[in-house]
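What follows is a short report on a single structure.
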Amino acid sequence: MRGWGVAMQGQTAEGIAEIHRGLAGCRAAGVEMDRPYYLALLAEAYCRDARPREALSALDEALGMLRDTPAFFYAAELRRLRGSVLMQVPERRLEDAESSFQQALEVARGQGALSLELRAAVCLARLWEGQGKRREGRDLLAEVYGRFTEGFSTADLTEANAILQERRC
């Protein structure tokens, strides 16, 4: 966790190295249960360091581990992150990113993880906007956003609201 924090504060090389040390330590101790989560943190650090291919590799490893634990608490976010990383890869295929965002939505809904569903809806709405499907994106985002009853000052809800407001213009 410290490595992720260091990377998010801009010291990406140091943070990535620390995450790798932590992952190696967990593996040596036989602790694998939360590895997919820590790989997601590593992927975020790689993205912060403009290394989307490495981020994608970490996420693919994490998602591969979920075959045995499909109800993993971070499963939706792993899929959303994968879609976001795919958007950064030069030879990206938008349909792969869209598929990842759709999977993230489905998993989040199945788990009742409304905040993770909102994150996936924001990403999908942004993708669809770029494809000329602004109305579909806005409708999706409005439906998810409308189910919140509190927390409107949080970063995710503030971002979603900003998207919804700009689309009214």
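What the table shows:
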quantity	calculated
Computed Kirkwood radius, in angstrom, where 1/r is averaged over Cα pairs of the chain	16.7 Å
Against the rule of thumb 2.2 N^0.38 Å, how large the Cα Rg of the range 1-51 comes out	1.06
Spacing of the two label points (7 Å from each Cα toward its C-beta) at THR149 and ASP34, in nm	3.0 nm
17 Å tail of the calculated P(r), the range 73-169, as % of Cα pairs	47 percent
Estimated inter-spin distance, THR158 and MET65, nm [label 7 Å along Cα→Cβ]	3.2 nm
Mean Cβ count within 10 Å, highest first, over the residues of peptides 101-108, 158-165, 144-151	101-108, 158-165, 144-151
Relative packing of 86-95, 10-19, 36-45, 120-129, which averages over residues the other C-beta atoms within 10 Å, highest first	36-45, 120-129, 10-19, 86-95
Theoretical gain in end-to-end length, ARG2 to LYS133 [0.36 nm per residue, Cα-Cα removed]	43.2 nm
Of LEU66, PRO90, ALA104, farthest towards positive along the dipole that unit charges on Lys, Arg, Asp, Glu beta carbons give the chain	PRO90
Contact order relative to length of the chain, as percent, for alpha carbon pairs under 8 angstrom and 6 or more apart	13 percent
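The numbers here are math on the coordinates, done by the rules we state, and not lab data. Everything numeric here is computed off the predicted structure, so don't read it as measured data. We place every Cβ from the backbone using ideal geometry, glycine too, and count neighbours over all the protein chains shown.
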